[in-house]
Amino acid sequence: MNPMTIECPVQIGKEGDQFVAHAMSLHVMSCGGTPEEARPALDEAVGPVLEDLCQAGLLQETLREGGYEEQDGMGARAPALGF
């Protein structure tokens, strides 16, 4: 499979004594003792989730259901966040 770029907004917040990084549109979370630790932990968590979806043939369907839009076959743009 060719490399793909997937944009994903990340929200980081404090819960107790940990910082939680949440890739909301992908429904993946991870944590760390600081925001600087939480973000790379999230990146590590997202990779295997996307690989599993790809191997199962569900990546494109999952991204569409999450509101992603394909960009020239090389990536996916995250859905707009509404507040």
Qualifying positions in segment 18-69 - in contact with a Phe, Trp or Tyr (Cβ under 6 Å, 6 or more places away or on another chain) and small (Gly, Ala, Ser): GLY32, ALA38
For LEU58, indicate whether it is in contact with a Ser or Thr (Cβ under 8 Å, 6 or more places away or on another chain) and not polar (S, T, N, Q). no
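For a quick check of your reading: which strands (runs of 3 or more DSSP E) sit entirely within segment 1-61 and have at least 3 residues that are over 11 Å from the mean Cα position of the chain (by Cα)?
Values: elements: 10-15, 18-23, 28-32.
Of the strands (runs of 3 or more DSSP E) lying wholly inside segment 1-61, those with at least 3 residues that are over 11 Å from the mean Cα position of the chain (by Cα) span 10-15, 18-23.
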Just give me the residues in segment 18-28 being more than 18 Å from GLY67 (Cβ to Cβ) and surrounded by fewer than 18 Cβ atoms within 10 Å (Cβ to Cβ), in sequence order. GLN18
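The numbers here are math on the coordinates, done by the rules we state, and not lab data. Bear in mind that the values here come from a model prediction, so they are computed numbers and not experimental data. Quick reminder, even Gly has a Cβ in these numbers, built from the backbone with ideal geometry, and neighbours come from all protein chains shown.
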